[in-house]
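Data block below; observations after.
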Amino acid sequence: MAVTIDPTKTIATIRPALHGQFIEYLGECIDGGIWVGPGSDIPHTDGIRQGVLDALNELEPPVLRWPGGCYADTYHWRDGIGPRDQRPTTFNENFGTYELDDHAFGTDEYLRLCEAIGAQPWINVNMMTGTVAEARDWMEYCNRSSGTELADLRAAHGHPAPYGVQLWGIGNEPWGGGGTMTAPGYVAAYRAFASAMPRFTGSVFETPQTYAIASGPDGNKPRERVAWTRDFFRALNEYRQPPIHGYDLHFYNWNIDHEADTPTDFDEAGWDRVIAGCLELEDVIVEQWDLIQEGLAGVPQPESTLEPRLESIDLVVGEWGNWHRDAFFARPALSQQVTMRDAITTALTLDILQRHADKISIACNAQTVNVLNSVILTDGDATIRTPNFDVFMMYKAHRGATALAVEPVDAASGAHVFASVAEDGTMLVNLTNPSMTTAADVVLEFPSPMRLDRRQTLAADSPTAHNTAAAPDAVRRVAEALSGEASPSHTVHLPAGSITVLRIGQP
Ligand code: AHR
């Protein structure tokens, strides 16, 4: 048995935004992690920790979602603009953070960070304790080119040019911390927020530059998520539709039922359980995509030619990642170490997202720094790239390539497989061996002779291996140039619990 990789069997272009990241005022993600402040002894650029800035510049996340998460549900953007010594102090109770909040990192700091690392911003507005007017004003502050009070205020704060924020999320998890709403209740509120969004165009016939993202279901609740999406569309299809481009599903890989299993101490059963857990996302994506199509089929035909019929909505996965039990008790809140086990699930999750590139427009890892499934940890003045960082780096070349239809699991070896092809015909093949103990050999077959050019491997001596300030490179990817013969068939050896990315070219 072999895995056949045929570059003509294409699925869709892998939008770079599938490799997005998410940051929130939670634990030490922003305060103490990304943001150390201009007075800090820790090296920084304008208050942003230099180590984090350098790591993000390497990673080049295409999208950076902010300010939450649950935090967004109580965030008033005006608290975070203007001179820092005049910003109010509030209390941050988000997910057990329980800290005073001085709002030092606000809209301008965030958008300048996005500019510095080349990430597209995604701002989530407060629809629980905020108002439609407040959200609309936030958009004005960010995007109106000049002339209005809010555009002038932004200029006075040092950014005369509009930021051009296109991605706007309306509400966050309204079924939970975002208001424990019902789907029809959420749709009623969504209609007002989305309809009030400024268009930032020159004429009513131009396509608005804003991409409105509605909250989708809790991906971890099998019954509720189906009911939510059906009820959402029932309410949306009553009367006219407001602007809506994305539908944001959240999915965490919960590992919370086994007290003895910690992020860095687990047995083989824990390894297997967590890896199996992340795979559920694939079914959830297919299920939700089908429900979206079912909902769109029920959109009524407008009675006027001036109103285009709503024909499509993209699926978005705004938050995903492993969530281990210990994170609930951790200080700083929701901090978690990242081992090879997490790296494997990160790789498999990215494989799933890329395989469904025809359905998903944006996805964000939760979260970037010091919270849950981090790519970066900080410890004092140290910045540590986690094994997840390496996975994102190894997968970077898939951005903009075309996903290929390949059998996702090789029956012979148990290895997970994903492949893409770039415009110049170069293929990238991901091979993940999910077995904690057993190495595997995978046979790859191509319709014509191909040459293995380069291999990157992420593996470790121990499944619990992770990076710390004392050993920042304990788990690091290894790259090697290959110079073998062109052949229609190649056998690739995969160490136990490892991730391999092969670059494959024509002879
Ligand atoms: O990422 C942590 C939290 O998880 C977010 O604030 C919330 O949206 C989700 O429940």
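Looking at the range 313-331, I want the residues that are farther than 25 Å from Ile285 by Cβ and have a partner that is within 10 Å of the ligand (Cβ to nearest atom) and in a helix (DSSP H, G or I) with Cβ atoms under 9 Å, at least 6 apart or on another chain. Which pairs are those? From residues that are farther than 25 Å from Ile285 by Cβ, the pairs are Phe328/Phe95.
Ser361 - would you say it is more than 16 Å from the ligand (Cβ to nearest atom) and in a strand (DSSP E or B)? Yes.
Under 6 Å between Cβ atoms, which residue pairs at least 6 apart in sequence (or on different chains) link something in the range 50-77 that is within 28 Å of Met127 (Cβ to Cβ) with a partner that is assigned to a helix (DSSP H, G or I) and within 11 Å of the ligand (Cβ to nearest atom)? That search, which allows pairs on different chains as well, returns Cys70/Asn94; Tyr71/Asn94.
So that you can scan it fast, the table gives a plain yes or no per residue for (1) within 16 Å of the ligand (Cβ to nearest atom); (2) not hydroxyl-bearing (Ser, Thr, Tyr):
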{"position": "His324", "(1), (2)": "yes, yes"}
{"position": "Phe329", "(1), (2)": "yes, yes"}
{"position": "Pro332", "(1), (2)": "yes, yes"}
{"position": "Ser335", "(1), (2)": "yes, no"}
{"position": "Ile344", "(1), (2)": "no, yes"}
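When residues in the range 226-276 are screened for being surrounded by fewer than 20 Cβ atoms within 10 Å (Cβ to Cβ) and within 16 Å of the ligand (Cβ to nearest atom), 2 of them pass. With respect to the conditions (1) in contact with a Gly (Cβ under 7 Å, 6 or more places away or on another chain); (2) away from the ligand (no atom under 16 Å from the Cβ), Gln354 falls short on a single one, namely (1). Annotation: Gly185 fulfils all but one of (1) touching a helix residue (DSSP H, G or I) at 6+ places or on another chain (Cβ under 6 Å); (2) farther than 20 Å from Asp79 by Cβ; (3) away from the ligand (no atom under 16 Å from the Cβ); the unmet one is (1). Residues in the range 60-70 that are under 21 Å from Tyr211 (Cα atoms) and either within 12 Å of the ligand (Cβ to nearest atom) or assigned to a loop (DSSP other than H, G, I, E, B) (or both): Pro61, Pro62, Arg65, Trp66, Pro67, Gly68, Gly69, Cys70. Checked across the range 440-459, the condition of being farther than 26 Å from Thr4 by Cα and part of a loop (DSSP other than H, G, I, E, B) holds for no residue. Condition (residue is within 16 Å of the ligand (Cβ to nearest atom), of a type in the set (Phe, Trp, Tyr) and in a helix (DSSP H, G or I)) applied to the range 83-102: is it met by at least one residue? Yes, the range 83-102 contains at least one residue that is within 16 Å of the ligand (Cβ to nearest atom), of a type in the set (Phe, Trp, Tyr) and in a helix (DSSP H, G or I).
For Val371, indicate whether it is assigned to a strand (DSSP E or B), within 16 Å of the ligand (Cβ to nearest atom), farther than 21 Å from Ala260 by Cβ and at pLDDT 95 or above. So Val371 does not fit the description; no.
Just one of Thr180, Thr229, Thr210 is out of contact with any strand residue (DSSP E or B) (no Cβ under 8 Å at 6 or more places or on another chain) and either of a type in the set (Ser, Thr, Tyr) or at pLDDT below 95 (or both); which is it? Write out each step before concluding.
Details: Thr229 fails: out of contact with any strand residue (DSSP E or B) (no Cβ under 8 Å at 6 or more places or on another chain); Thr210 fails: out of contact with any strand residue (DSSP E or B) (no Cβ under 8 Å at 6 or more places or on another chain).
That would be Thr180, the only listed residue that is out of contact with any strand residue (DSSP E or B) (no Cβ under 8 Å at 6 or more places or on another chain) and either of a type in the set (Ser, Thr, Tyr) or at pLDDT below 95 (or both).
Of the candidates Gly177, Gly169, the single residue that is within 14 Å of the ligand (Cβ to nearest atom) and either in a strand (DSSP E or B) or touching a Leu at 6+ places or on another chain (Cβ under 6 Å) (or both) is Gly169.
Residues of the range 279-322 that are within 16 Å of the ligand (Cβ to nearest atom) and in a helix (DSSP H, G or I): Leu281, Val284. Taking the criterion of being modelled with pLDDT of 95 or more, over 17 Å from Asp6 (Cβ atoms) and hydroxyl-bearing (Ser, Thr, Tyr), the residues of the range 482-503 that qualify are Thr491, Ser498, Thr500.
The values are calculated or read from the model by the stated rules, or taken from the named source; none is laboratory data. On a predicted model such as this, the values are computed, not experimentally measured, just so you know. Note that we place each Cβ from the backbone using ideal geometry, even for glycine, and neighbour counts take in every protein chain shown.
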